[in-house]
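The values are calculated or read from the model by the stated rules, or taken from the named source; none is laboratory data. Small disclaimer: the values here were computed from a predicted structure and weren't measured. Note that each Cβ is placed from the backbone with ideal geometry, even for glycine, and that neighbours are counted across all protein chains shown.
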């Protein structure tokens, strides 16, 4: 057998070493890709959203529940008849965004009102464009959006009046 190894060109051993290294590297990268790790976040809501949640819940009329951080694609859909590239373009735009709060009928869970809490970050051009898109998308589906400026404290009577004014204009159930 040692005489047989003498007849193999040295280039073969170099190529064999490269192939072994590539196989091992591919296996290592593949195992690393499968071992993705995540961390739990401290809170689903920002500090401003947490501070607003209690007044929002207190101002919300009976029979309405408050959901938080709901993806637009969970309460809006692309209309039937839109297909192919147009469907996917439209779906992608709503699947990658969420509403801060969604008020729904407590029994049917029919979406009734989107509530957005706007802090100073909503003054940025990218946020204004996102907000305008959300407003147009919700309006096209007949779903009103109430935008509330972030404040240290909220006037519950004023907030209740804004919510009820929009909810009263929407079909129930």
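Filtering region 24-46 to residues that are within 16 Å of residue 117 (Cα to Cα) and surrounded by 10 or more Cβ atoms within 10 Å (Cβ to Cβ) leaves 45, 46.
Scanning region 69-91 for residues that are surrounded by fewer than 16 Cβ atoms within 10 Å (Cβ to Cβ) and under 30 Å from residue 47 (Cβ atoms) gives 69, 71, 74.
Return yes when residue 56 is in contact with a helix residue (DSSP H, G or I) (Cβ under 8 Å, 6 or more places away or on another chain) and modelled with pLDDT of 75 or more and no when it is not. Yes; evaluated as a whole, the condition is true for this residue.
Criterion applied to 151, 166 was being under 25 Å from residue 50 (Cβ atoms) and exposed (fewer than 15 other Cβ atoms within 10 Å of the Cβ), and the one residue passing it is 151. Looking at region 68-76, can you tell me whether even one residue there is modelled with pLDDT of 95 or more and in a loop (DSSP other than H, G, I, E, B)? Yes, some residue in region 68-76 is modelled with pLDDT of 95 or more and in a loop (DSSP other than H, G, I, E, B). Taken across region 128-140, residues that are under 20 Å from residue 45 (Cα atoms) and either touching a strand residue (DSSP E or B) at 6+ places or on another chain (Cβ under 8 Å) or without any contact (Cβ under 8 Å) to a residue 24 or more places away in the chain (or both) do occur, with at least one present. So which residues in region 66-93 are over 16 Å from residue 144 (Cα atoms) and touching a residue at least 40 places away in the same chain (Cβ under 8 Å), if there are any at all? If the condition is that a residue be over 16 Å from residue 144 (Cα atoms) and touching a residue at least 40 places away in the same chain (Cβ under 8 Å), then 93 is the only one that fits. Counting residues in region 97-118 that are in a helix (DSSP H, G or I) and exposed (fewer than 12 other Cβ atoms within 10 Å of the Cβ) gives zero.
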